[in-house]
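Note sheet for the following structure.
The values are calculated or read from the model by the stated rules, or taken from the named source; none is laboratory data. Since the model is a prediction, treat every value here as computed from it, not as a measurement. Cβ: placed from backbone, ideal geometry, glycine included. Neighbour counts: every protein chain shown.
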Number of protein chains: 2
Amino acid sequence: MRVLRVAAAQVGGIQSTERREQVVERLLALLEQAAADHCRLVVFPELTLTTFFPRTFYGDQADVDAWFETAVPGPETAPLFVAARRLGVAFHLGYAELVRQEGRVRRYNTAILTDETGAIVGKYRKIHLPGHARRLPDAPFQHLEKRYFDVGDLGFRVWEALGGTMGMCICNDRRWPETWRVLGLQGAEMVVLGYNTPEENIHYREPPHLRMFSHRLSIQAGAYQNATWVVAAAKSGLEDGHRLIAGSAIVSPTGEIVAEASTEGDELVIHDCDLDFGADLRRTMFDFARHRRPEHYGLITSAASYRPSTFQDG
Amino acid sequence: MRVLRVAAAQVGGIQSTERREQVVERLLALLEQAAADHCRLVVFPELTLTTFFPRTFYGDQADVDAWFETAVPGPETAPLFVAARRLGVAFHLGYAELVRQEGRVRRYNTAILTDETGAIVGKYRKIHLPGHARRLPDAPFQHLEKRYFDVGDLGFRVWEALGGTMGMCICNDRRWPETWRVLGLQGAEMVVLGYNTPEENIHYREPPHLRMFSHRLSIQAGAYQNATWVVAAAKSGLEDGHRLIAGSAIVSPTGEIVAEASTEGDELVIHDCDLDFGADLRRTMFDFARHRRPEHYGLITSAASYRPSTFQDG
């Protein structure tokens, strides 16, 4: 048994009018509460520090960049790192990252993982950016991740931390089995992720319950098919008048949801995760070395698609 | 709307003492019933014609080969093809196939798909063979697919038939997301499969309910992540004293189970499947051309595993 007590820290809606300092106060309260409950890892959502700004079209890039961090820890986020060190609690945090690379400004949808001293041990930049790049004039709101972010350049990686092999992904990545498999092939025992998932589908009439259903299905399948724990934290509830689904959850390597949020607000979802729990499954059903047949998987890496896109995008 | 009324034809346990002719009589009854219910496609299980013989160790290869077909249609199976033609119903059938290739005898876990005239339009040979190759002396029963079958040599393919793009896989293939993705990349609108899934896990103490749970999770995830219909037919119930799970089901491209067996015996599970139903999902969330990032999927095809197997097998 290698038990890691972990908390998915669901964060209720963050309004445009909330300052970073106010948000960090809420996160600190969750971190303190998790430490009091003897958690060793707290998983915060994607883009934890701000409203989900890709729902809004901004004509002026400066208005977009105002939602980005140029350094983490920075003045507003440093208290999180200080508290993590003081409390001995690791954390995962998603934020919009603005960085200068080879003389060019790049913008990523980023997440970090710290150890129990608050030191950053891993960084991930979102690879599967959903939505669209061009403003949709008739949509009730936008989903402009393809406009505001660059595709992540760090790949899907794992890190030895917290007594196990830890992986990260972000939001829409969870719907793509390739995400889980690349992490699983590297031996991930726990994958942590945050998400911001609008309840409403802006592209076609989809029953709202399917948003929660496909969220659960995606994380459960990813867990089972790679025999890994999954810890998924939502930013949820009403945010600037738009609803994000909740459903923060911890999924065992069998694919079962073992703990789930019961509210749409700030809430800790806690479970004692035995990192050895997936070992039987990895030794038998999902013994990759004996059972996988990469010679028949060629299409998966040879092209993005064998159908042209029919979506009108910029 | 391109509606295809399809039946998953669940087949209750087939005892070792049942002759092929008796089994085919049962299949003909299901085919007749499906035709009366205006179905255009009937999906029979994996290894439909016999008991699930890989649960037994045979020292004499002739005892294994007795479960194989050397020709389909053959004397015992020809009535199925005649009935399909007379009734105007296509069918999918799994069977053990013994074939001579380049001077060597090969044995495959095979399935075929016919059109509505009973003509074979596609053949698939199982790629993900589960279980083990060497007899497990302490196991309550065996799972010797790796001993009795060769790995399928036809890849994962789709066929234009029945007004849509049809794919096939078999049993354990459904637990591997690569199966679904290779079919999805080729535009599969419906994937049909049969399975024989023991209720008991011979490798470690697994709660029996998880067998049904992971079956459902696998076909639901495969459907959703590739926006395809899935029609899954079980051989189920007591067979030579061992129980196979039932749960034959039809899954829509949203991942929802829209019809499911209510018994462990011979039963038709019927649904009107609109082959256009996945189009919205394929145009938006799962528009592969815009969203997939194969440059980050390299590990999936570069090796079967990055961990050595710890399973003792021959």
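Within region B:59-72, which residues are aliphatic (A, V, I, L, M) and either assigned to a strand (DSSP E or B) or closer than 19 Å to B:Val121 by Cβ (or both)?
B:Ala71, B:Val72
Out of region A:158-188, which residues are surrounded by fewer than 23 Cβ atoms within 10 Å (Cβ to Cβ), of a type outside the set (Val, Ile, Thr) and more than 10 Å from every other protein chain (Cβ to nearest Cβ)?
A:Trp159, A:Glu160, A:Ala161, A:Leu162, A:Gly163, A:Gly164
Scan region A:268-282 and give yes if some residue there is basic (Lys, Arg), in a helix (DSSP H, G or I) and facing chain B (nearest Cβ under 8 Å), otherwise no.
yes
Kindly check whether there is at least one residue in region A:190-209 that is basic (Lys, Arg) and more than 30 Å from B:Lys146 (Cβ to Cβ).
Yes, region A:190-209 contains a residue that is basic (Lys, Arg) and more than 30 Å from B:Lys146 (Cβ to Cβ).
Residues that are more than 30 Å from B:Ile300 (Cα to Cα): which strands (runs of 3 or more DSSP E) entirely in region A:73-179 hold 2 or more of them?
A:90-101, A:104-114
Could you please find all residues in region A:148-157 being surrounded by fewer than 20 Cβ atoms within 10 Å (Cβ to Cβ) and closer than 18 Å to A:Phe68 by Cα?
A:Asp150, A:Val151, A:Asp153
Quick one: which residue in A:Ile300, A:Ile219 is closer than 28 Å to A:His143 by Cβ, more than 9 Å from chain B (Cβ to nearest Cβ) and in a helix (DSSP H, G or I)?
Going through A:Ile300, A:Ile219 in turn, the sole match is A:Ile219.
If we scan region A:23-41, do we find a residue that is closer than 23 Å to A:Val258 by Cβ and either in a strand (DSSP E or B) or of a type in the set (Asp, Glu) (or both)?
Yes, the conditions are met somewhere in region A:23-41.
With respect to the numbered conditions (1) in contact (Cβ under 8 Å) with a residue 24 or more places away in the chain; (2) on the phi > 0 side of the Ramachandran plot, which one is the sole condition not fulfilled by A:Val99?
Result: A:Val99 passes all but (2).
What number of residues within region A:222-244 satisfy the criterion of being under 27 Å from A:Thr17 (Cβ atoms) and assigned to a strand (DSSP E or B)?
Of the residues in that region, 10 qualify.
Which number in (1) facing another protein chain (nearest Cβ under 8 Å); (2) closer than 30 Å to A:Val3 by Cα marks the one condition that A:Val151 misses?
The failed condition is (2).
A:Val64 is checked against (1) within 20 Å of A:Val231 (Cβ to Cβ); (2) under 21 Å from the mean Cα position of the chain (by Cα) and fails just one. What number does that condition carry?
Against the list (1) within 20 Å of A:Val231 (Cβ to Cβ); (2) under 21 Å from the mean Cα position of the chain (by Cα), A:Val64 comes up short only on (1).
Anything in region B:249-267 that is surrounded by fewer than 19 Cβ atoms within 10 Å (Cβ to Cβ), touching a Ser or Thr at 6+ places or on another chain (Cβ under 9 Å) and within 14 Å of chain A (Cβ to nearest Cβ)? List them, or say none.
B:Val258
Of B:Thr117, B:Thr56, B:Thr70, B:Thr110, which residue is surrounded by 20 or more Cβ atoms within 10 Å (Cβ to Cβ), of a type in the set (S, T, N, Q) and modelled with pLDDT of 95 or more?
B:Thr110
Confirm whether B:Met212 is part of a helix (DSSP H, G or I) and either within 8 Å of another protein chain (Cβ to nearest Cβ) or modelled with pLDDT of 95 or more (or both).
Answer is yes for this residue.
Is it the case that region A:121-139 has a residue that's crowded, with 18+ Cβ neighbours inside 10 Å, touching a residue at least 12 places away in the same chain (Cβ under 8 Å) and hydrophobic (A, V, I, L, M, F, W, C)?
yes
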